[in-house]
Structure formats: structure tokens, C-alpha cells
Amino acid sequence: MLRTLQITASPTSDYLPEWTWSRAVTDWAIDPFLFIAGVWVTGLYLYGVSVLKRRGDSWPIGRTISFVVLGMGGFFLATQGGVAMYDTVLLSTHMVQHMVLSMWVPLALALGAPVTLALRTLPGGTRSGPKKWLLAVVHSRVAKVLSFAPLTLALYVLSPWALYFTGWYDASLDSTYVHQMMHVHLVLIGTLFFWPLLGVDPVPGRVTYPLRLLLLLLTLPFHAFLGITIMGQETIIGEEHYSALRDGPMGSWLPSMADDQNLAGAILWASGDAIGLLFFATLFVQWVRQSMQEAKQVDRALDREEARLAAQVTTEQGGAEPEPVRAAAERTGDAPLSEPDRPSSAGGATIES
């Protein structure tokens with residue numbers, strides 16, 4: 001049962017009851033800006049799926065579930081649910097929100113392949129119309145720079161350090177606008193890093209699978225190191241803000257700032273490694289599937305070449321084409337490899353637009 005529904009006008013309410021983890025799904029506070037933006041994104045995706053269905057084209061249900069339920073559902077839960085109500089009250093609750101927005105949401109949205117969906121549903125061709133504009137953005141110099149793997153890794157790794165060890169986090173506690181932009185920033189930085197690594201959408205920055213796995217492995221020690229640093233430091237993050245809360249009516253149930261910060265660091269450490277390992281497993285499965293697909297494509301090409309050579313030898317000898325050779329040719333076809341059969345040099349899947 002939903003216990004609370006309110007419109008937030010500031011990052012922190014004057015009084016909130018004691019936090020329990022069940023409030024993450026039972027209490028809700030609508031942030032108008034992020035709520036409207038999320039509804040638009042979800043609605044456009046579902047509209048694209050409906051366009052494909054109406055014209056008889058298929059779209060994997062798993063992609064829809066990943067984007068709408070896991071991705072946008074996680075976004076709404078982190079920015080509109082109980083976590084959002086308490087994210088400026090407890091640093092540990094904010095850290096849960098941070099990890100959902102910077103890792104879980106970008107991964108789920110990328111698996112939904114929204115760029116591919118847009119290319120299949122937008123009107124116009126590759127020379128005019130909205131589809132041309134989208135392709136121009138995807139292949140623009142700006143997109144290539146922002147998806148450059150070393151740059152995205154640096155942004156992803158350094159961004160949390162800048163957030164918690166500069167005045168940025170304190171500003172987000174005092175300003176609704178900065179607080180909202182911080183949420184948007186976390187999703188965007190995660191998207192820039194994870195989207196090319198998954199390689200589902202035809203976006204720039206995709207690299208071979210060994211390099212994808214290496215880039216991901218480089219992020220795992222970062223989460224552990226940052227989490228341990230937050231747990232071990234004596235300086236309290238957002239000390240002035242959290243100290244004022246403990247002098248108010250919520251001081252009766254709020255834990256000590258040191259204990260809360262210690263829990264926040266542990267959440268960052270554990271959840272970062274857990275989601276990172278899950279993503280590592282996803283990439284490994286993709287790599288194995290692609291290798292198997294490429295092996296089948298090579299086998300088909302060899303069968304076609306063998307059938308062609310055998311037929312050529314038989315013809316030169318003036319005899320009839322043997323039945324096994326003719327059957328092999330009919331089974332494999334005699335046409336050269338088409339574009340979808342040609343293995344991708346970047347290790348990414350071929351995208352149908």
C-alpha cells in the first residue's frame with residue numbers, strides 16, 4: 001500500500017518518519033521535472049514499439065521489458081520513490097540512488113536498443129527526414145568524441161570523486177535545480193560509458209569484446225577504492241547539512257553521521273562490484289554467442305566454396321553434377337556473403353535499421 005504521495009518543492013522535507021527500506025517502494029514523492037521527462041521517454045519508446053506492431057514487424061519483448069520496466073522503472077523508483085524522499089536526509093540512501101542511476105538504469109536502457117527502434121520507426125530515409133537527422137547526430141564528430149572509450153572511462157571514474165570531494169554535493173543539498181541536474185548527470189555519464197560497451201545499438205565508440213571486458217574490469221577496483229575511502233575518512237560529506245537535520249525533529253531517529261557515511265561507502269563498494277560483475281557476465285555471453293555465430297557463417301561460406309569448386313571440376317570433366325554436390329549447393333546457396341552474414345570487425349551485433 002502506498003503510504004505517501006507528495007510534490008517535492010525542495011530536496012528535503014521538514015520532517016520525515018524513520019527510514020526503513022520498505023519505504024523505497026511504498027512511499028512516493030513526485031518531482032515534476034524528472035517525472036514529466038521520464039513519462040515522455042517511456043511514452044516515445046512504447047509508441048515506437050506500437051508502430052512496428054501495427055505494420056507487422058517484430059520487436060523483442062525482452063528489449064521492451066529491459067527499457068520500460070527495468071530501465072525507466074528503476075529511474076522512477078530512484079527519483080520519485082521513497083529513496084528520492086530520503087536522499088538528502090541520509091547519505092546511505094543517496095548512495096543507493098547514485099548506483100541505480102549511474103549503473104543499473106544505463107545498462108537496462110542500453111539493452112532496450114532505443115536508437116535501433118528509432119531508426120526502424122522514424123519517417124523519412126537516410127537522405128531526408130527525422131531518420132537522417134538521427135543518423136547525423138549518431139555519426140557526428142561530437143558523438144564520436146563523447147563515446148571515445150578512454151574519455152568515457154575517465155569521466156565515469158572521476159565524476160564520483162568530483163561529486164563527493166568538491167562543493168558539488170553540498171550544492172545539490174541546498175538547491176533543487178542542482179539536485180535534479182545531478183540525477184540527470186549520473187544517468188548521462190553512465191550511458192556514455194556503458195552504451196558503446198554493450199554494442200546493441202549502432203552508436204559510435206564500440207570496440208572489440210576483449211577491450212570491452214578490459215574497460216569494465218578497470219572500473220571494479222575504482223568502486224572498491226572510492227567506497228573504502230568514503231568509509232575511512234574522518235571528514236563528513238555534507239556535514240553542515242546533515243548536522244542541521246540532527247538538530248531538528250528528525251534527530252531522534254537519525255543515525256550518527258559517521259555511521260551513515262560508513263554504510264554509504266559500503267553500499268557503493270558492494271553494489272558497484274555486484275552490478276559490474278553482472279555486466280561482465282552479460283558481455284561474456286554476448287562474446288560467446290557472436291563467436292558461435294561467426295563460426296557458423298564461416299562454415300556456410302566454406303560449404304558454398306566447396307560446392308562451387310566441386311561443380312566446376314565436374315563441369316570441366318564433362319560429367320553430370322554429382323547429386324551430393326548439387327544438394328550441398330542447394331542447401332548453402334551459391335551467393336557471396338551478404339552484409340548481415342559478414343562478421344563485424346568491432347565485435348558488435350549487426351543492427352537492422
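Scanning the range 193-213 for residues that are assigned to a helix (DSSP H, G or I), of a type in the set (A, V, I, L, M, F, W, C) and under 27 Å from SER140 (Cβ atoms) gives PHE193, PHE194, TRP195, LEU197, LEU198, LEU211. State whether the residues of the range 176-192 include one that is outside any helix (DSSP H, G or I), at negative phi and surrounded by 14 or more Cβ atoms within 10 Å (Cβ to Cβ). Among the residues of the range 176-192, not one is outside any helix (DSSP H, G or I), at negative phi and surrounded by 14 or more Cβ atoms within 10 Å (Cβ to Cβ), which makes the answer no. The lone criterion from (1) open to solvent by 80 Å² or more (accessible area, probe 1.4 Å); (2) free of Cβ contacts under 8 Å to residues at least 12 places away in the same chain left unmet by SER256 is number (1). Among the residues of the range 96-119, some residue qualifies, meaning at least one is aliphatic (A, V, I, L, M), part of a loop (DSSP other than H, G, I, E, B) and over 30 Å from PRO255 (Cβ atoms). Pairs linking a residue in the range 19-36 that is touching a residue at least 60 places away in the same chain (Cβ under 8 Å) to a residue that is charged (D, E, K, R), with Cβ atoms under 8 Å and 6 or more positions apart or on different chains, are ARG23/ARG3. Among the residues of the range 125-171, those identified as open to solvent by less than 50 Å² (accessible area, probe 1.4 Å), under 14 Å from GLY190 (Cα atoms) and part of a helix (DSSP H, G or I) are ALA149, THR152, LEU153, ALA154, TYR156, VAL157, SER159, PRO160.
The set of residues in the range 44-60 that are touching a Leu at 6+ places or on another chain (Cβ under 8 Å), in contact (Cβ under 8 Å) with a residue 40 or more places away in the chain and not aliphatic (A, V, I, L, M) comprises TYR45, GLY48, TRP59. Considering every residue within the range 209-223, establish whether at least one is closer than 18 Å to ALA270 by Cα, surrounded by fewer than 20 Cβ atoms within 10 Å (Cβ to Cβ) and over 23 Å from the mean Cα position of the chain (by Cα). Taking every residue of the range 209-223 in turn, none turns out to be closer than 18 Å to ALA270 by Cα, surrounded by fewer than 20 Cβ atoms within 10 Å (Cβ to Cβ) and over 23 Å from the mean Cα position of the chain (by Cα).
Against the definition (assigned to a helix (DSSP H, G or I) and farther than 28 Å from PHE222 by Cα), how does SER50 come out, yes or no? Answer is yes for this residue.
From the list SER256, SER252, SER291, the one residue that fits, being under 35 Å from the mean Cα position of the chain (by Cα), among the polar types (S, T, N, Q) and modelled with pLDDT of 80 or more, is SER256. Inspect the range 59-75 for any residue being in a loop (DSSP other than H, G, I, E, B) and at pLDDT 90 or above and give the result as yes or no. Among the residues of the range 59-75, at least one is in a loop (DSSP other than H, G, I, E, B) and at pLDDT 90 or above, which makes the answer yes. What number of residues within the range 234-253 are open to solvent by less than 60 Å² (accessible area, probe 1.4 Å) and either among the aliphatic types (A, V, I, L, M) or not in a helix (DSSP H, G or I) (or both)? Number of matching residues: 7. For the range 20-65, the set of residues classified as over 15 Å from ALA118 (Cβ atoms), of a type in the set (D, E, K, R) and open to solvent by less than 80 Å² (accessible area, probe 1.4 Å) consists of ARG23, ASP27, ASP31, listed by residue number. For the residues LEU77, LEU111, LEU117, LEU107, the requirement of being among the hydrophobic types (A, V, I, L, M, F, W, C), under 30 Å from GLY272 (Cα atoms) and open to solvent by less than 10 Å² (accessible area, probe 1.4 Å) singles out LEU117.
The values are calculated or read from the model by the stated rules, or taken from the named source; none is laboratory data. Everything numeric in this text was worked out from a predicted model, so none of it was measured. Neighbour counts run over all protein chains shown; Cβ positions are idealised from the backbone, glycine included. The protein model used for the area step is the full one, side chains on, heavy atoms only, and it has no ligands, DNA or RNA in it. Shrake-Rupley method; radii C 1.70, N 1.55, O 1.52, S 1.80 Å.
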